[in-house]
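Here the structure is laid out as structure tokens; the discussion comes afterwards.
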Amino acid sequence: QVQLVESGGGLVQAGGSLRLSCRASGRTFSIYTMGWFRQAPGNEREFVTAISRSGGSPNYPDSVKGRFTISRDNAKNTVYLQMNSLKPEDTAVYYCAARLSAIVVTAPIAYDYWGQGTQVTVSS
């Protein structure tokens, strides 16, 4: 079993920055691919980015490319999402997810464990 706990969400003005953290406990953190997803009210859960266990292969949809950066610290069992130049359309609940595979994929159904989510609200 893996437990994931997100933190770092909050309210920020457009153009501002936030850094989300997701700390994993349970099974060895370094063997998982870690991802971030988001879900706004009335919308499906959307892939934001993911990173392989080696720290490589992050990819980003066009909606966040150049503004968001994922990183991980295996020694701290933590993955981060640095979000810059935030826009009101980034407002959502952000979820951390873990996958029992080294292959980075974008489909939520492919992830095995999920955090409880953290709210990010960007005001205009």
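Yes or no: residue 18 open to solvent by less than 60 Å² (accessible area, probe 1.4 Å), at pLDDT 95 or above and under 20 Å from residue 105 (Cα atoms)?
Criteria not met by residue 18.
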* With respect to residue 69, is the statement that it is assigned to a loop (DSSP other than H, G, I, E, B) and either open to solvent by 50 Å² or more (accessible area, probe 1.4 Å) or not hydroxyl-bearing (Ser, Thr, Tyr) (or both) true? -> no
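Residue under question is residue 64, and the condition is that it be in a strand (DSSP E or B) and buried (at least 18 other Cβ atoms within 10 Å of the Cβ); does it hold?
Answer is no for this residue.
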* To do: Go through (1) modelled with pLDDT of 95 or more; (2) open to solvent by less than 30 Å² (accessible area, probe 1.4 Å) and name the single condition residue 51 misses.
  => (1)
* **Enumeration of residues in region 59-109 that are closer than 13 Å to residue 18 by Cβ and acidic (Asp, Glu)** => 90
* Close pairs from region 102-124: first at pLDDT below 95, partner outside any strand (DSSP E or B) and charged (D, E, K, R), Cβ under 6 Å, at least 6 apart -> 102/53
* Residue satisfying all of: in region 75-91; surrounded by fewer than 16 Cβ atoms within 10 Å (Cβ to Cβ) and without any contact (Cβ under 8 Å) to a residue 60 or more places away in the chain; farthest from residue 104 (Cα to Cα) among these -> 89
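Residue-wise test of (1) hydrophobic (A, V, I, L, M, F, W, C); (2) loosely packed, with under 13 Cβ neighbours inside 10 Å; (3) in contact (Cβ under 8 Å) with a residue 60 or more places away in the chain.
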site	(1), (2), (3)
6	no, no, yes
22	yes, no, yes
25	no, yes, no
41	no, yes, no
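For residue 81, are the conditions met, namely being outside any strand (DSSP E or B) and touching a Leu at 6+ places or on another chain (Cβ under 9 Å)?
no
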* To do: Look through 81, 86 and report the one residue that is at negative phi and over 10 Å from the mean Cα position of the chain (by Cα).
  => 86
* Residue list for region 92-124, restricted to those being outside any strand (DSSP E or B), under 14 Å from the mean Cα position of the chain (by Cα) and either of a type in the set (Val, Ile, Thr) or within 22 Å of residue 82 (Cβ to Cβ) (or both) -> 104, 105, 106, 108, 111, 115, 116, 117
* Assess whether residue 86 counts as being modelled with pLDDT of 95 or more, touching a Leu at 6+ places or on another chain (Cβ under 8 Å) and not in a strand (DSSP E or B). => yes
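The values are calculated or read from the model by the stated rules, or taken from the named source; none is laboratory data. Everything numeric in this text was worked out from a predicted model, so none of it was measured. Reconstructed Cβ throughout: ideal geometry from the backbone, glycine too, with neighbour counts over all protein chains shown. All accessible areas refer to the heavy atoms of the entire protein, side chains included, with ligands and DNA or RNA removed. Shrake-Rupley method; radii C 1.70, N 1.55, O 1.52, S 1.80 Å.
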